[in-house]
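The next block holds one structure in the form of structure tokens; read it before the comments.
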Amino acid sequence: RIGRFLSPEARELLLNKRNGKVSGSMTALDLMLLNDPAYAEIYSKAMNRLSDYESATERTLNKSLLEAETATNELNQILGNAAQTSDGTRAFKDTKGVLWSENHEKLSEQVADQIEWRGLEPTREQYLQKLEGKKLADKKVNEIRIFQTEVGAVRERLTDPDKPPTSEDIHNALKTLEERTPEEVSSELPKNGISPTMNAEHSFDISVPIL
């Protein structure tokens with residue numbers, strides 16, 4: 001099972017040894033995984049959990065992108081149906097009858113009188129609602145992308161072949177991810193996903209494995 005976490009060189013070396021050949025080399029991470037079953041179990045559980053985070057984050061990002069696209073389309077529809085002043089500025093009346101530009105500037109009654117009203121123009125409140133919806137959707141996408149970068153950094157750290165993570169490193173990395181996971185990503189994680197129990201005092205023997 002742990003073989004899938006070994007480097008290609010380590011897998012080749014194991015195969016060569018089984019075939020009576022002696023060639024190839026192993027990384028420090030390979031040696032730790034092969035020599036210490038307890039560490040290998042911790043590492044395997046951690047990498048499986050990390051894969052859960054990666055998949056959940058990807059699914060959440062795809063959903064968030066669709067929501068952002070919908071919010072953008074709805075805002076564009078509001079803008080497309082908005083009244084326009086003589087200079088092309090989009091304008092919206094609020095429920096009190098006050099006219100505002102799309103940039104939130106109050107416009108005069110004289111400007112309002114020059115507009116050809118159709119009676120179907122969206123109100124300022126509708127415009128603000130869609131504008132806020134787009135901002136929130138874009139913010140969510142940005143937050144998920146930032147978290148995705150953090151997940152990628154954890155994978156890079158845990159798979160460093162020359163400076164393998166200790167059990168404490170693994171524990172801290174997953175704990176940090178758990179604390180920083182956006183709510184939308186958490187809802188996509190397997191419900192039975194449990195971070196592996198890790199002993200920070202665990203020691204490692206990195207002598208050449210007996211195969």
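Values as computed for the structure displayed
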read-out: Inter-probe distance in nm under a simple model that places probes 7 Å from Cα toward Cβ, at K191 and R118; value: 4.9 nm
read-out: Dipole axis of the stretch 106-167 (+1 Lys, Arg; -1 Asp, Glu on Cβ), positive-most option in V141, L107, P122; value: V141
read-out: Amide H within-cut-off set for L107, under 5 Å, with H built and near neighbours excluded; value: L99, W100, S101
read-out: Inter-label distance, nm, simple model (7 Å from Cα along the C-beta direction), E156/T89; value: 4.7 nm
read-out: Heavy atoms of W100: accessible area, 1.4 Å probe, square angstrom to 10; value: 50 Å²
read-out: Estimated FRET transfer efficiency when R0 is 25 angstrom, pair V111-K135 (beta carbons, to 0.05); value: 0.40
read-out: Gain on full stretching of the segment that runs from A28 to S44 - 0.36 nm per residue minus C-alpha separation; value: 4.1 nm
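The values are calculated or read from the model by the stated rules, or taken from the named source; none is laboratory data. For clarity, every value in this text was computed on a predicted model and none was experimentally measured. Here Cβ is always computed from backbone atoms with ideal geometry, including for glycine, and neighbour counts include all displayed protein chains. What goes into the accessible areas is simple: the full protein's heavy atoms, side chains included, and nothing from ligands, DNA or RNA. Shrake-Rupley method; radii C 1.70, N 1.55, O 1.52, S 1.80 Å.
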